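One structure is given below, encoded as structure tokens.
The values are calculated or read from the model by the stated rules, or taken from the named source; none is laboratory data. The model shown is predicted, which means the values in this text are computed figures rather than measured ones. Heads up, the Cβs are rebuilt from the backbone with ideal geometry, glycines too, and the neighbour counts pull from every protein chain shown.
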Amino acid sequence: MSKVIEITDGNFEEEVLKSTVPTEVDFWAPWCGPCRMVLPIYDKLSEEYDGKFKFCKINVDENRQTAAKYQIMSIPMQKYFVNGQEVDQILGAVPESVIRAKVESVLKKVSD
């Protein structure tokens, strides 16, 4: 079962910016084909990294305030946060190996 958390404009700060573990936010929309392609990857990684890394998704059509704040112009857009600060991002649908490498890179930054 996926541990990806659906977030909104209302709980973005609590779930992402105040998170005690590194957090990935997938900016997506249901009509976006490439967005749907990467969802299973995040479902898998959310299980694998449970407790060490938080995976979230936010629907840009329903949460325009957060999408505007982070200047989301294209989706899927994944942004990575540590201690409330954006530290990295991936634009577009990419293979699991690329996403896994990014997660590991962010975790390494935290442990240094």
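Out of curiosity, is Val16 surrounded by 15 or more Cβ atoms within 10 Å (Cβ to Cβ), under 12 Å from the mean Cα position of the chain (by Cα) and modelled with pLDDT of 95 or more? Break it down into steps so the answer makes sense when it comes.
Numbers: surrounded by 15 or more Cβ atoms within 10 Å (Cβ to Cβ): yes; under 12 Å from the mean Cα position of the chain (by Cα): yes; modelled with pLDDT of 95 or more: yes.
Yes: the conditions hold for Val16.
Among the residues of the stretch 30-74, how many are in contact with a helix residue (DSSP H, G or I) (Cβ under 8 Å, 6 or more places away or on another chain) and either without any contact (Cβ under 8 Å) to a residue 24 or more places away in the chain or at positive phi (or both)?
Residues in the stretch 30-74 being in contact with a helix residue (DSSP H, G or I) (Cβ under 8 Å, 6 or more places away or on another chain) and either without any contact (Cβ under 8 Å) to a residue 24 or more places away in the chain or at positive phi (or both): 0 in total.
Checking the conditions here, which among Gly84, Gly92 is at positive phi, in contact with a Pro (Cβ under 7 Å, 6 or more places away or on another chain) and not hydrophobic (A, V, I, L, M, F, W, C)?
Values: Gly84 fails: in contact with a Pro (Cβ under 7 Å, 6 or more places away or on another chain).
Being at positive phi, in contact with a Pro (Cβ under 7 Å, 6 or more places away or on another chain) and not hydrophobic (A, V, I, L, M, F, W, C) holds for just one of Gly84, Gly92, which is Gly92.
What are the pairs with Cβ atoms under 8 angstrom where one residue, in the stretch 79-101, is closer than 10 Å to Ile41 by Cβ and the other, located anywhere, is modelled with pLDDT of 95 or more and of a type in the set (S, T, N, Q)? Sequence gap at least six, or different chains.
Matching pairs, first to second residue: Ile99/Gln78.
Checking the conditions here, which among Lys54, Lys44 is surrounded by fewer than 21 Cβ atoms within 10 Å (Cβ to Cβ) and either of a type in the set (Lys, Arg) or closer than 13 Å to Ile99 by Cβ (or both)?
Working: Lys54 fails: surrounded by fewer than 21 Cβ atoms within 10 Å (Cβ to Cβ).
Among Lys54, Lys44, only Lys44 is surrounded by fewer than 21 Cβ atoms within 10 Å (Cβ to Cβ) and either of a type in the set (Lys, Arg) or closer than 13 Å to Ile99 by Cβ (or both).
Pick from the stretch 57-107 the residues that are of a type in the set (Ser, Thr, Tyr) and closer than 13 Å to Val25 by Cα: which of them is surrounded by the fewest Cβ atoms within 10 Å (Cβ to Cβ)?
Going residue by residue through the stretch 57-107, those that are of a type in the set (Ser, Thr, Tyr) are 66, 70, 74, 80, 97, 105.
Imposing the further condition that a residue be closer than 13 Å to Val25 by Cα reduces the set to 66, 70, 80.
Values: Thr66: 21, Tyr70: 17, Tyr80: 20.
The residue in question is Tyr70.
Before we move on, is Val110 surrounded by 13 or more Cβ atoms within 10 Å (Cβ to Cβ) and at pLDDT 95 or above? Talk me through it step by step, then tell me what you get.
Details: surrounded by 13 or more Cβ atoms within 10 Å (Cβ to Cβ): yes; at pLDDT 95 or above: no.
Against the criterion (surrounded by 13 or more Cβ atoms within 10 Å (Cβ to Cβ) and at pLDDT 95 or above), Val110 does not qualify.
With the condition kept exactly as written, say whether any residue in the stretch 44-51 is in contact with a strand residue (DSSP E or B) (Cβ under 8 Å, 6 or more places away or on another chain) and acidic (Asp, Glu). Walk me through how you get there before you give the answer.
Going residue by residue through the stretch 44-51, those that are in contact with a strand residue (DSSP E or B) (Cβ under 8 Å, 6 or more places away or on another chain) are 45-46, 49.
Cutting the leftovers down to acidic (Asp, Glu) gives us none.
Among the residues of the stretch 44-51, not one is in contact with a strand residue (DSSP E or B) (Cβ under 8 Å, 6 or more places away or on another chain) and acidic (Asp, Glu), which makes the answer no.
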